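Take a look at the structure set out below.
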Amino acid sequence: MSNIYKINNEKFKGISISYNLTLPIVKEKIAENSVLASVLSKGSKNYPNQNEIDRFLSWHYGSNFETSVEKIGDLYNIEFKFLILNKKYLPNNEDVLDNCLRFMNDIIYNPLVNTSKFDSFIVKREKEYIRDKINEKKDDKLRYAVQKTEELLCDKEPFGVFVYGREEDLENITEESLYRRYIEVLDESMVTVIISGNLTGYDDIDNKIEEVFGSKLNSRISCNDLIINNVNDSYNENIQYFEEKVESTQSVLTMGLKVKDINEDEVFPLIVYNAILGDTPSSKLFQNFREKESLAYTVRSRYYRYKNMFVIYAGIDKINYNRAIEVIKGELNSIKNGNINEEEFIASKQSIVADLLEWYDSKVALQKMLLSNLLNYKNTDMNLEDIISKIEKVTISDIIEVSKKVEINLIYFLGGEKSV
Amino acid sequence: MYKIEVIKNSKLDELLYTTTLRNGLKIYICKKAGYKKKIGMFGTKYGSVVNDFVDKVSGKRVTVPSGVAHFLEHKLFEQEGANALDLFTKIGVSSNAYTSFDQTVYFFETVDKFNEALELLIKLVKTPYFTDENVKKEQGIIGQEINMYEDNSDYVAYFNTLIAMYNKNPVRIDIAGTIDSISKITKETLYTCYNTFYKSSNMFLVVVGDVDIENTIKIIEDNIKIYEKDYGINSNSSNIEIFEAYEEEHINKKIIEKQMDIYMPQICIGYKLNIVEKNEIIKRDLVSSLVSDIYFSKSSKFFTEEYEKGIISDVVSFNCESTKTFSHAIISGYSTKIDLLKEDLLKYIEQIRNSLVDKDLFELAKRKKIGNTIFRSDNLDNSYRRIIDSILNENDVYEDIDIIDRIEVSDISDFLKLLDSDKQVVSIIRQK
């Protein structure tokens, strides 16, 4: 079967099995998708409540089962993930794979549905849960400010919406509508199964997966049908300013930046640009904004490769607002003016490569890379070595060139009221 | 040469090599075959709770402002104006440092620059460089760090629990200190603490990864020698004298509430416990994690009922934290109906203290724990945590794995008896 991928490494003791439903989405449906994922994970026909699920997992030596949702660019992904131990490491070499696969199939494809309706109590509870998740995002000021900046930058695209959706879209979700959505999601999703870990003694794992999931693996949708970036070409000529008040000791300043007219090859120079700008302790922002100017403890830049944009964020004192903007603008311009020295350039590349090499030690990082390549390049030909070699080929002039395409779109301030 | 001791743990497929250098520095190398990443950690048995001790240089008893250990961490990871994180990044290595109640640890993670990184780590920790100017600059950065935590409701809820439990033990004070206390720190304070607590005999060096054992030990010794002029001279490693504030058995305050600009209210219920030592610390930790599974996980009656009542959506957590100077259990949970959660939790704890342990749930929790111990060894971080715990608690490194097999139902009920309402405190964060 072509949509089952295996990544074997004997140094691990565990096996991670990731079952992904990836689909295009409109903003209004994100909340419903997150409620759906949440409801599915709370019970199935054979495991009707969380108590039964938890007992099943504990009995299988604490095998871990998680359902999670994420946005990959403008796509939505619902992931069901099992972490089990290779039988070699379990008492009496007990093999838990078959039971766990059947359990997973039950959770995804045999939900608690009667007469085309989900269980009404669970739907009500999980709607409340998602509402809480949406409302509590503000409790972490830094994360909230970054999320808000993403939203402002991508006001027309699904990516701009918080991963759990918008509160106003929760109201109309019912047991019936959620079931209709479930059928739609199954129909509109690409199925990808990625197995990563110690597969010694599990040569036939793909056959077992086919046996358990059968034709459900043959999704109508393939990666060619999935568009990772619904490009939004609206660039602001002037910087827009936003401010929100909050009661806190520290304020958060963010900047949203967009990259104009880039081609696929420029992604790698942009990754290095991000490291030089603010993603490592050698970066210009860390060195100048934090170390020289003492303006912040946290200052960082983040590059969104699928959305061609950046967010810079810093926790600052309110009185330093103007100075902070001045320093960040200064660093952005300094790169545009070619001010990158050999030392910081090499350091940044080395630090990216070192981070990439560490993926070899993580079952989950390898799974994530595979799925993201599949969605982005429509095949899984590119491996970690290829990515590393593309990073290594980046030159200083490549970075200066791409830096000229990076423009500040908006400045957002989450202002603390308490004076320190 | 050094006498290298080898410990093999067959359940985890791990080999641990240990030795002690002539200056008293303990070295632990955990071999993880096949892994690309290598971690090096240089730490001292000195953390935020130590602020009253005998200065090794003058021989006099001194007290220092809160937050010195953490301040020292920031300043030591810096060299003549360059931040250590940056120096490591320049050679392609990521690094960091942390301070907790009883330890300060500096570490790096690398794939292919292990030797250089190890040399740099030793150099940084062994060459303090404090000036009036760089101390002042750091007060600004740490001030921002303190403010950041002050806005974090989890952190506030947790520290308010400690404040409620403890009267004098410095564990009740923020690890980073306060804006006021750090303003009193000078370069002299830093040198006093450094000279007392960063003696090699009070320190440990832990390496995890697929490294060459002999060569690693040689690099460590060669580099330590560069910075220790008296290396090899049988240094009089007299013990460090620390004065601990006498902590009464009773709690400080029954309840602390705070309003913050947050959506999700939270509660922490703390129990001040008797202090235990060595492998009893490990055992208590394991027993409390079983208690957490039996009584608070999704398999529990408590979760099912509270979920159905619409009070909680996720499990409440139950953790035990113990060092040589304190021990407590903290239960924490989130709910928009925080008073109902509080009421139900308090009632439930009283009830489980007086009931028999469900044997099936006990066996289930144990099975899960056995699996999880193996699962976690796929992650290098888990190896060094176990080693550092054993250094601070003074027990054998893999003792947890044997202890788990020996835990019985009676251990669970004995532990539950410790959750006495006289020793109980409540910390709540409410919506403003």
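Assorted remarks:
- Total formal charge among the other residues, if their Cβ is under 12 angstrom from that of B:LYS342, Lys/Arg +1 and Asp/Glu -1: -2
- Pairs exceeding 29 Å between alpha-carbon atoms, taken from B:LYS38/B:LYS369; B:LYS45/B:LYS229; A:LYS336/B:LYS38; B:LYS75/B:LYS432; A:LYS138/B:LYS36; A:LYS81/B:LYS432: A:LYS336/B:LYS38; B:LYS75/B:LYS432; A:LYS138/B:LYS36; A:LYS81/B:LYS432.
- Spatially, the stretch B:156-211 and the stretch A:198-274 are offset by 40 Å when compared through their Cα centroids.
- Every helix of 4 or more DSSP H residues in chain B counts as -39500 (n - 2.57), and over all residues that averages to -13000 deg cm²/dmol at 222 nm.
- Spin-label model, B:GLU257/A:GLU176: points 7 Å from Cα along the beta carbon direction are separated by 4.4 nm.
- Here the sum of -39500 (n - 2.57) over DSSP H runs of 4 or more residues, divided by the residues of chain A, equals -12000 deg cm²/dmol at 222 nm, to the nearest 500.
- Unsatisfied cross-links (Cα-Cα over 20 Å) in the set A:LYS133/B:LYS254; A:LYS329/B:LYS136; A:LYS137/B:LYS337; A:LYS141/A:LYS318; A:LYS156/A:LYS368; A:LYS318/A:LYS405: A:LYS133/B:LYS254; A:LYS329/B:LYS136; A:LYS156/A:LYS368; A:LYS318/A:LYS405
- Residues of the stretch A:291-305 that bury at least 40 Å² of accessible area when the other protein chains are present, relative to the chain alone (probe 1.4 Å, heavy atoms, ligands and nucleic acids excluded): A:GLU291, A:SER294, A:TYR297.
- Annotation: aspartates and glutamates with alpha-carbon distance below 20 angstrom to B:LYS218 (same-chain offsets under eight excluded): B:GLU5, B:GLU109, B:ASP112, B:GLU116, B:GLU119, B:ASP210, B:GLU228, B:ASP230.
- Distance in nm between pseudo-label sites at B:ASP339 and B:VAL57 (7 Å out along the Cβ direction from Cα): 5.7
- Association of chains A and B removes close to 5600 square angstrom of accessible area from solvent, both sides included, for a probe radius of 1.4 Å.
- Max mean-square fluctuation residue, GNM over chain A, Cα-Cα springs under 10 Å, options A:GLY256, A:GLY315, A:GLY201: A:GLY201
- With 10 Å² as the minimum drop in accessible area between chain alone and full protein complex (1.4 Å probe), the qualifying residues in the stretch A:1-24 are A:LYS11, A:PHE12, A:LYS13.
- Probing with 1.4 Å while keeping every protein chain in the model, the per residue accessible area of the protein assembly as shown equals 40 Å².
- Across the accessible surface of the stretch B:255-431, with the other protein chains kept in place and a 1.4 Å probe, carbon and sulfur atoms take up 45 percent.
- Pair A:ASP206, A:ASP225: separation of 7 Å Cα→Cβ label points (nm): 2.2
- FRET efficiency, B:GLU280 to B:GLU241 (Cβ-Cβ, R0 25 Å, nearest 0.05): 0.50
- Those residues of the stretch A:204-246 whose amide nitrogen sits under 17 Å from the label point placed on A:ASP261, 7 Å along Cα→Cβ: A:232-237
- Loop-resident trypsin sites (Lys or Arg not before Pro) (DSSP state other than H, G, I, E or B) in the stretch A:114-221 with no more than 15 further Cβ atoms inside 10 Å of their Cβ: A:LYS156, A:ARG166, A:ARG220.
- Burial of 40 Å² or greater, the stretch A:39-81 residues [accessible area, probe 1.4 Å, versus chain by itself]: A:GLN50, A:ASN51, A:ASP54, A:ARG55, A:SER58, A:TRP59, A:TYR61, A:GLY62
- For the stretch A:4-225, with all protein chains in place and a probe radius of 1.4 Å, 43% of the accessible heavy-atom surface sits on carbon or sulfur.
- Surface/4 estimate of mean projected area, convex hull on alpha-carbon atoms of the stretch A:4-225, nm²: 13.4
- Other residues lying with their Cβ under 10 Å from the Cβ of B:TYR398 contribute a combined charge of -2, Lys and Arg counting +1, Asp and Glu -1.
The values are calculated or read from the model by the stated rules, or taken from the named source; none is laboratory data. The structure presented is a predicted model; accordingly, all values stated were derived computationally and were not measured. Using ideal geometry, Cβ is built from the backbone for each residue, glycine included, and neighbour counts are taken over all protein chains shown. Accessible surface areas use protein heavy atoms only, side chains included; no ligands, DNA or RNA. Shrake-Rupley method; radii C 1.70, N 1.55, O 1.52, S 1.80 Å.
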